[in-house]
Amino acid sequence: MREEEIEKIRGVVRDCVSKHLYSSAIFFADKVAALTNDPADIYMQAQALFLGRHYRRAFHLLNASKIVLRDLRFRYLAAKCLEELKEWDQCLLMLGDAKVDEDGFVYDAKDGNVIDFDKDGEDREINISSAICFLRGKAYGALQNRSQARQWYKAAIKADPLCYEALECLIESHMLTSEEESSLLASLQFSPEDEWLSSFYSCLIKKYLLVPHVQYDKESTIDAKFKKLENETSGSVSGSSMITLANNTDLLACKAEYYHQCCEYQKCFELTSALLEKDPFHLKCTLVHLAAAMELGNSNELYLMACNLVKDYPSKALSWFAVGCYYYCIKKYAEARRYFSKATSIDGSFSPAWIGFGNSFAAQEEGDQAMSAYRTAARLFPGCHLPTLYIGMEYMRTHSYKLADQFFMQAKAICPSDPLVYNELGVVAYHMKEYGKAVRWFEKTLSHIPSALTETWEPTVVNLAHAYRKLRKDREAIAYYEKALTLSTKSLSTYSGLAYTYHLQGNFSAAISYYHKALWLKPDDQFCTEMLNVALVDECQNGVDAKALFLCSVVSTVCGFGL
């Protein structure tokens, strides 16, 4: 057969692959390889077999060829076959015995020299060495060696920043802390035309690290990055119309996640709802949508999402996690646990299910089981601070304040810019009667909130006011109580704290007014009822030493009481 006829058959193979006619591709590729015995044609045949899911036959064909250990393409495809066969140890053997360090630098196992991964293919092709590093990471991950998996994923993204899958695994499996993620991105070498990709990657990592640490500057770095990407142009159409990423679904999902981390749940829910109308099967957006619906208590939306996901993706952990979220939202915690557990059994690296599993125990004050779930999550996801934070909350619930403080500090070390961590540190300091320390933590909480204060942060403002009152800094306490009232007018704690502070100052009229407002919210509140009676008596007896009379009359009532 002449060369031009063979080339035509090669074209048929390529066309069959593009049309997903894999049996036809295998048939014609086999004939070409038999005619030429050329390594390129053998590789084409192996690829056709791989795409047709004939993994064992493809591996045998590649392994039988003499070039398999000399050509990285052959070795990589053979290892991919072993990956599909779940033969992870053999997969690692096929990929070779290179070593990697904690910084993602790869060393030759024989001479110990650092391997420099230069581009070895056509322009815009992903480095084959990067793909090999990524596959090593997947193999180690499947073998539960998460430390090695993390190092190989870092090596893959360093070898070629276009290898997005490696970064995705590092982020979604929470293998790195906030600072480690930022440091890794800073070490990547992007080409000038890929600066947009650098900005996009920086939006994918943990958003808290990008929040400024000064209260007067409320526009975060992440907001600036979103604006830059939305205005980024990738060319022009008809000389004038510019192409941007403003409506890109991945970017919008990333922005929704940012809103969720900022506790702007309604804003997040509205964005994810609009995005899911455009792309109903965007699973990353779906996860954020579920989380926002949970925070808003939208059980109807959770029910609909869970039904659709179980119908469309019955084998995905996300689907059963959604079912668990629905039952958790309607306070059926035993059923929620069952589905969270099912999600973890499908995908042990799905961190939200582990957190939900622990929370479903904590909701019923089953502390030991909750702790077990949180500890498992902390071990599996060292870059996620939430399991450690929840462990601290469980210790605080049982009044083990010193242990709680230790775990909150660990959470702070993992994610030093989450305002919720500082809030919990303030609460535990308050309970330990370290009021000055509590004030510092609560003020730091407010300084780490990336946007204007919303009702979500009203408890933090009230806590800060309580701490100032305990320090007898009544002016500051009143200022923060009044600030809390601008965020929410439905808090009994705010009104009673403000009334009590005015009472301590001897301003009985103001105290009586706020005790009445507190009792309007909760008519049977014992403290406000008793203190209102005392304030009324003091108002009647208001004379030269009214404040002294007040302190004497209430000493038995307020002894040991703390708001």
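Mind running the shape call on segment 1-104? Use the C-alpha gyration tensor, a ≥ b ≥ c as the square roots of the eigenvalues: rounded below 1.5 for a/c, prolate if a/b tops b/c, oblate otherwise. Here segment 1-104 falls in the prolate category. Post the alpha-carbon centroid distance, segment 310-357 to segment 466-542, in whole angstrom. So the two Cα centres are separated by 44 Å. This structure gives Cα extents along the principal axes in Å, computed directly, and of [x] 87, 57, 49; [y] 172, 68, 41; [z] 117, 58, 51 that value is listed as [z].
Averaged over residues, the count of other Cβ atoms within 10 Å places the peptides 172-179, 154-161 in the sequence 154-161, 172-179, highest first. Ranked by the mean number of other Cβ atoms within 10 Å of their residues, highest first, the peptides 248-254, 143-149 fall in the order 248-254, 143-149.
Here the chain is assigned +1 on the Cβ of each Lys and Arg and -1 on the Cβ of each Asp and Glu. Its dipole about the Cα centre then comes out at about 1160 debye.
Counting protein heavy atoms only, the chain has 52 percent of its accessible area on carbon and sulfur, 1.4 angstrom probe. Between segment 131-181 and segment 55-114, the alpha-carbon centres lie 17 Å apart. Can you give the angle from 0 to 90° between the axis of helix 55-64 and the longest principal axis of the chain, with both taken from C-alpha atoms, to the nearest 10? Long axis of 55-64 versus the principal axis of the chain: about 50 degrees. Cross-link reach is defined here as a Cα-Cα straight distance under 21 Å, omitting same-chain residues fewer than 8 places apart; for Lys255 the lysines meeting it are Lys206, Lys207, Lys218, Lys225, Lys227, Lys228, Lys267, Lys278, Lys284.
Applying a DSSP loop filter and a limit of 12 other Cβ atoms within 10 Å to the trypsin sites (Lys or Arg not before Pro) in segment 392-481 leaves Lys433, Arg472.
Against the chain, whose longest principal axis is taken from its Cα atoms, helix 333-346 shows a tilt of about 30°.
For segment 9-56, the gyration tensor built on C-alpha atoms gives an oblate shape. Its axis ratio a/c (a ≥ b ≥ c) is at least 1.5, and a/b is not larger than b/c. For segment 290-365, GluC sites (Glu not before Pro) meeting the loop criterion (DSSP other than H, G, I, E, B) and having at most 15 other Cβ atoms within 10 Å: Glu365. Normalised per residue, the accessible area of segment 325-430 is 40 Å², obtained with a 1.4 Å probe and no contribution from ligands, DNA or RNA. Does anyone have the angle between helix 458-470 and the longest principal axis of the chain? Alpha-carbon axes, 0 to 90°, nearest 10? For 458-470 against the chain, the angle is about 40 degrees. Annotation: per residue accessible area for segment 449-529 equals 44 Å², rounded to a whole number [probe 1.4 Å, protein chains only]. With loop membership from DSSP and a limit of 12 other Cβ atoms within 10 Å, the longest segment of the chain without chymotrypsin sites (Phe, Trp or Tyr not before Pro) is 282-560.
Which pairs in the list Lys138/Lys158; Lys490/Lys517; Lys437/Lys517 are over 20 Å apart, alpha-carbon to alpha-carbon? Table pairs above 20 Å Cα-Cα are Lys437/Lys517.
The values are calculated or read from the model by the stated rules, or taken from the named source; none is laboratory data. Given the structure is predicted, the values throughout are model-derived calculations rather than measurements. Note that each Cβ is placed from the backbone with ideal geometry, even for glycine, and that neighbours are counted across all protein chains shown. Areas reflect the complete protein model, heavy atoms only, side chains present, ligands, DNA and RNA absent. Shrake-Rupley method; radii C 1.70, N 1.55, O 1.52, S 1.80 Å.
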